[in-house]
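Shown next, in structure tokens, is the structure this report addresses.
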Amino acid sequence: MPIHYRSKWYVLRADSPLMFGVGVFGQNVFIDRKNQIVVAKFSSQALPMDERRILLTMQGIAAIRDSLLIAQEA
């Protein structure tokens, strides 16, 4: 997965790049400028950074983006 980091933002490079910020205790914001999608995640988790939950969040965001793109095509 090609990704880079700059100025507190991560960018997942793809056909539709995903820019996102990762905060402590599960706070995140995801921005897909090409498809005009923004998702903010507010949560409270026990650990400041939980690798398993970050992976689940990324999978969830991918599913949300896919669902919204399919809805736009219909």
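The values are calculated or read from the model by the stated rules, or taken from the named source; none is laboratory data. What you see is a predicted model; the values in this text were computed from it and never measured. Positions of Cβ are backbone-derived with ideal geometry, glycine not excepted, and every protein chain shown enters the neighbour counts.
Figures for the structure shown
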read-out	value
Complete set of residues in the range 23-50 that are part of a strand (DSSP E or B) and in contact with a helix residue (DSSP H, G or I) (Cβ under 7 Å, 6 or more places away or on another chain)	Asn28, Phe30, Asp32, Ile37, Val39, Lys41
The range 52-74: number of residues that are modelled with pLDDT of 95 or more and more than 15 Å from the chain's Cα centre (by Cα)	0
Leu55 vs. criteria surrounded by 10 or more Cβ atoms within 10 Å (Cβ to Cβ) and under 21 Å from His4 (Cα atoms)	yes
Residue count for the range 15-48, restricted to those that are small (Gly, Ala, Ser) and within 13 Å of the chain's Cα centre (by Cα)	5
Matching residues in the range 53-74 - criterion: being more than 18 Å from Tyr10 (Cβ to Cβ) and of a type outside the set (Asp, Glu)	Ala63, Ser67, Leu68, Leu69, Ile70, Ala71, Gln72, Ala74
Extreme residue, nearest to Ile61 (Cα to Cα), among residues of the range 1-14 that are under 11 Å from the mean Cα position of the chain (by Cα) and free of Cβ contacts under 8 Å to residues at least 12 places away in the same chain	Leu12
Hits in the range 17-51 - residues which are among the acidic types (Asp, Glu) and either exposed (fewer than 11 other Cβ atoms within 10 Å of the Cβ) or modelled with pLDDT under 95 (or both)	Asp50, Glu51
Near pairs, Cβ below 9 angstrom, 6+ apart or cross-chain, from the range 33-55 (at negative phi) to any residue that is surrounded by 11 or more Cβ atoms within 10 Å (Cβ to Cβ) and among the basic types (Lys, Arg)	Asn35/Arg65; Ile37/Arg65; Val39/Arg65; Ser43/Arg53; Gln45/Arg53; Leu47/Arg53
